[in-house]
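Participant: One structure follows; several queries about it will come next.
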Amino acid sequence: MEKLGDDRKYGFRIFCFTIGLIVLFVISFLIGRYPIHPLELIGMLGDSLLGVLNKFLSLFGANTDFHIEQFWDENTEAIFFAIRLPRILLACLVGCCISMAGAAYQGVFQNPMAAPDILGASSGAAFGAALAIILGGTTFFITGSAFAFSLITVLFVMLVSKFASGSKILGLILGGIVISSLFTSGTSYLKLVADPNDQLPQITYWLMGSLTEAKLSEVGFACIPMLLGIIPLILLRWRINILTLGDEEAASMGVDTKRVRLFVIICSTLITAASVSVSGMIGWVGLVIPHFARRIVGNNYMHLMILSMVLGALFLLGVDDISRILIAKEIPLGILTSLIGAPFFIYLLTRKEELT
């Protein structure tokens, strides 16, 4: 009965934060340098949904033309579909994935200081993006290069850890530090040889993290690897719970710890790579948000993983909204997340309860 009561209590808390995310999601469309009227927002969303319904019915031979008579101007429609919609969707997806990966890493490594870039995914993505910028690539090429090098970096780390003596987990972490350092050096060299008038500012801005140039094509590009990582992690929540008890305890309960840990690491790295490739370097989200979620629902990954996703999306969407309206020139997200995340983590460290 006590467990059922806890499940309901934590479920209600997750529900409340989910409602908060939905409210902020809607508000985010309305605010900015070019505000959109709520009626215009409803009209454009409604017309889009009716368009989808028309296409769905056409599959069954129906020739329908449900639509809302346009009462908004073309500039408003362009801002909504080309700028605000992809940016808001990416903020939610990236925040959700980074914080989910952070929670998963902290569970499988049994280390409260583990973060999504622990295996060098972020440094690899930075090198890939910088290389693509040097080569004069398009936005899509930069995104694809960042994603590819992010995965390559993690493969190098896992290869190094296979030949490491002693604890495989420790070997994986140390391998991540070493390979990450190598790719960081590579990025520094690319910055050194970059054109200081064009390429260097672009590389520097990418490294600070931003969703300014978000496009719907990037949402589509990121969604596939994100879903491939998110769905298994959600299904494996109870196994991550068992891993936190220790390898011996998990093995006694019939869990193949090596296989589960490897699979969770692969899925977490996949969503981290997808996130960093479209947003640039955004720190602290994957480290701080899971700890905040623990304060609310405890250490049970059945609740913790879901709340980390919701809080991550809520946090990054809120930070992105602040970056859009705070001053005339947008502040990169990496700067704001550090300004907010670092003091908050200090607060968590100085609380009487231990970080677990």
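Participant: Out of these labelled values of Rg and Dmax of the Cα atoms in Å, [x] 21.1, 65; [y] 21.6, 69; [z] 19.0, 59, which was calculated from the coordinates shown here?
Facilitator: Given [x] 21.1, 65; [y] 21.6, 69; [z] 19.0, 59, the calculated one carries the label [y].
Participant: Ranking request for peptides 97-103, 87-93, 343-349: highest mean number of other beta-carbon atoms within 10 Å first, then the rest in descending order.
Facilitator: So the peptides 97-103, 87-93, 343-349, ranked by packing, come out 97-103, 87-93, 343-349.
Participant: Can you run the Rg to Rh ratio on segment 4-128? Use alpha carbon positions and the Kirkwood inverse-distance Rh.
Facilitator: Numbers: Rg = 20.5 Å, Rh = 18.5 Å.
Result: Rg/Rh = 1.11.
Participant: Largest first and in whole Å, what are the equivalent-ellipsoid semi-axes of segment 12-85 based on the Cα gyration tensor, each being the root of 5 times an eigenvalue?
Facilitator: Over the Cα atoms of segment 12-85, the semi-axes work out to 26, 20, 9 Å.
Participant: Mind ordering 280-288, 163-171 by average Cβ neighbours within 10 Å, highest first?
Facilitator: Ranked from most to least packed, the peptides come out as 280-288, 163-171.
Participant: Just add up the charged neighbours of H67: K/R +1, D/E -1, any other residue whose Cβ is under 14 Å from the Cβ of H67.
Facilitator: Details: positive: K55; negative: D47, D65, E69, E77.
Neighbourhood net charge equals -3.
Participant: For a test of the definition: using alpha carbon positions, the gyration tensor, and the 1.5 limit on a/c, classify segment 136-265 as rounded, prolate or oblate.
Facilitator: Numbers: a/c = 3.44, a/b = 1.68, b/c = 2.05.
Verdict is oblate for segment 136-265.
Participant: Where in segment 49-149 are there GluC sites (Glu not before Pro) that are in a DSSP coil and have at most 13 other Cβ atoms within 10 angstrom of their Cβ?
Facilitator: Those that pass, being in a loop and sparsely packed, are E69.
Participant: Shape verdict for segment 265-305, please, from the Cα gyration tensor: rounded (a/c under 1.5), prolate (a/b greater than b/c) or oblate.
Facilitator: Details: a/c = 3.70, a/b = 1.73, b/c = 2.13.
The shape class here is oblate.
Participant: Here is a follow-up. I need the semi-axes of the equivalent ellipsoid of segment 208-356: take the C-alpha gyration tensor, multiply each eigenvalue by 5, square-root it, list largest first in whole angstrom.
Facilitator: In descending order, the three semi-axes are 30, 21, 11 Å.
Participant: How large is ³J(HN,Hα), in whole Hz, for each residue of segment 58-66 in order, when computed from phi with the Karplus curve 6.51 cos²θ - 1.76 cosθ + 1.60 and θ = phi - 60°, using x for Gly and Pro?
Facilitator: Karplus values, whole Hz, x for Gly and Pro: 5, 5, 9, x, 7, 10, 9, 9, 6.
Participant: Leaving ligands, DNA and RNA out of it, report the carbon-plus-sulfur percent of the accessible area of segment 34-168 at a 1.4 Å probe. Could the numbers behind the result be given before it?
Facilitator: Values: 4510 of 6520 Å².
Taking all protein chains in place, segment 34-168 shows 69 percent carbon and sulfur surface.
Participant: Cα extents of segment 99-204 along the three principal axes, largest first, in whole Å?
Facilitator: Between the extreme Cα coordinates on each principal axis of segment 99-204 lie 47, 28, 19 Å.
Participant: Applying the Karplus parametrisation 6.51 cos²θ - 1.76 cosθ + 1.60 with θ = phi - 60° to the phi angles of segment 153-159, what ³J(HN,Hα) value in whole Hz is obtained for each residue in order, glycine and proline being reported as x?
Facilitator: 4, 5, 4, 4, 4, 5, 5
Participant: Over the chain, what relative contact order in percent results from Cα pairs under 8 Å that are six or more residues apart?
Facilitator: Here the relative contact order equals 28 percent.
Participant: Also, I was wondering about something else. Beta carbons within 10 angstrom, averaged per residue: use that to sort the peptides 145-152, 53-60, highest first. Kindly include the intermediate steps, with their values, before the conclusion.
Facilitator: Working: 145-152: 23.4, 53-60: 10.9.
Those peptides, ordered most packed to least, come out 145-152, 53-60.
Participant: Going through segment 277-337, which trypsin sites (Lys or Arg not before Pro) have at most 16 other Cβ atoms within 10 Å and a DSSP loop state?
Facilitator: K329
Participant: Can you tally the net charge around G32? Count Lys and Arg as +1, Asp and Glu as -1, for every other residue whose Cβ sits under 12 Å from the Cβ of G32.
Facilitator: Combined, the nearby Lys, Arg, Asp and Glu give +1.
Participant: If the cut-off is 16 Å between C-alpha atoms, which aspartates and glutamates fall inside it for K215, apart from same-chain ones fewer than 8 positions away?
Facilitator: Leaving aside aspartates and glutamates fewer than 8 places away in the same chain, those within reach of K215 are E77, D320.
The values are calculated or read from the model by the stated rules, or taken from the named source; none is laboratory data. If you're wondering where the values come from, they're calculated on a predicted model, not measured in any experiment. Cβ sites come from the backbone with ideal geometry, for glycine too, and all protein chains shown count toward neighbours. In case anyone asks, the SASA skips ligands and DNA or RNA and just uses the protein heavy atoms, side chains included. Shrake-Rupley method; radii C 1.70, N 1.55, O 1.52, S 1.80 Å.
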